[in-house]
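Encoded as structure tokens, the structure appears first; notes follow it.
Each value in this text was obtained by applying a stated rule to the coordinates, not by laboratory testing. Here the structure is a predicted model, which means the values were calculated and not measured. Reconstructed Cβ throughout: ideal geometry from the backbone, glycine too, with neighbour counts over all protein chains shown.
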């Protein structure tokens, strides 16, 4: 399976950003992939500290890392895929933002009832890294 | 449930480190907690590039972020706990390293058959952050 395909099989991933003082920050995200672009939406209004944090971080350091992994007690079945790239915050009025929200809502029916109020984060993935215990 | 207790209920977490150029790096880890200290072992010899990476990173930037999260399709049951702290690489001969390996092996019987060959990473957690959808 191609790394991006395996990544897309996960329902949740984790986004690492770096703040102005060089410290890492980590949050779980739901996401949709369109080729080598990964979209996630900020689920809470950017006024909220936690949401602001990742947006403020990418404004300073656009490099981000996103990880999807699979765990089970049979360690011969472990795998992970990492997507490294540059992040962009999309304005709500951009066509790409609407496109991303359509992809996210199609993948997560949960968003149909309650669309995410925050802006979309796009990550242009320039490196896929993959590992699996079964080689 | 206290954040550390909820964190410990997860079998896998994700470790974010920052490299010398200020870019984030992300790997899944198995871990054991002892109070506010989190231990994980490098599963492969540090000669291997991927293992070296996280050790080289914490030598430059000791601040790390570790995330445990729970996903299911009922989003009212989502939760995550984040542990932010400073990392230390333990020498294999240190008593703390033996203590950490005992904790890890007791939590993961998988390690009994094949102890991790690499050094132990200790994270002294100075901030626990927790969120759950059910408040």
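Assume the label is 7 Å from Cα along Cα to beta carbon: what separations in nm does residue A:129 have to the matching positions in the other copies?
Label-point separations across copies, in nm and ascending: 2.3.
Quick one: what Rg and Dmax do you get for chain B from the alpha carbons, in Å?
According to the Cα coordinates of chain B, Rg and Dmax are 14.9, 46 Å.
Suppose you put the label 7 Å out from Cα in the Cβ direction; list, shortest first and in nm with one decimal, how far residue B:70 is from each other copy's label.
For residue B:70, the inter-copy label distances come out at 2.3 nm.
Inter-copy label distances at residue B:113, 7 Å along the Cα→beta-carbon direction, one decimal in nm, shortest first?
4.2
For the protein assembly as shown, what D do you get in µm² per second when you plug the Kirkwood radius from alpha-carbon pairs into Stokes-Einstein at 4 °C and 1.567 mPa s? Present the calculation step by step, with values, prior to reporting the outcome.
Details: Rh = 19.0 Å.
Translational D for this selection: 68 µm²/s.
Under 10 Å, Cα contacts only: if you run a Gaussian network model on chain B, which one of B:69, B:124, B:113 comes out with the highest mean-square fluctuation?
Among B:69, B:124, B:113, the largest GNM mean-square fluctuation belongs to B:113.
Using 1/(1 + (r/R0)^6) with R0 = 30 angstrom and r between the beta carbons of residue A:93 and residue B:5, what's the FRET efficiency to the nearest 0.05?
Details: r = 44 Å, r/R0 = 1.46.
For residue A:93 and residue B:5, the calculated efficiency is 0.10.
What percent does the relative contact order of the stretch B:16-106 come to when contacts are Cα pairs within less than 8 Å and at least six residues apart? If you can, show how the numbers build up before the last one.
Details: 105 pairs, mean separation 24.2, N = 91.
Reported as a whole number, the value is 27 percent.
Using the 10 angstrom Cβ neighbour count as an exposure proxy, how do B:96, B:73 rank, fewest first?
The fewest-first ordering by Cβ neighbours comes to B:73, B:96.
Across peptide B:22-33, what mean number of C-beta atoms from other chains lies inside 10 Å of a residue's C-beta?
Numbers: counts 5, 9, 15, 8, 16, 7, 11, 1, 3, 0, 0, 0.
Mean inter-chain Cβ contacts per residue within 10 Å come to 6.
For chain A, set up a Gaussian network in which alpha carbons nearer than 10 Å are linked by springs, and say which option among A:105, A:93, A:17 fluctuates the most.
The residue with the greatest mean-square fluctuation here is A:93.
How many percent of all Cα-Cα pairs in the stretch B:84-135 sit more than 12 Å apart? Let's see the in-between values first.
On the way: 941 of 1326 pairs.
Roughly 71 percent, once rounded to a whole number.
Between B:89, B:125, B:27, which gets the highest mean-square fluctuation from a Gaussian network model of chain B, Cα cutoff 10 Å?
Among B:89, B:125, B:27, the largest mean-square fluctuation in the Gaussian network model of chain B belongs to B:27.
At a Förster distance of 41 Å, what's the computed FRET efficiency of residue A:106 paired with residue B:56, Cβ-Cβ distance as r, to 0.05? Spell out each step's value before the answer.
Values: r = 40 Å, r/R0 = 0.99.
The formula returns an efficiency of 0.50 here.
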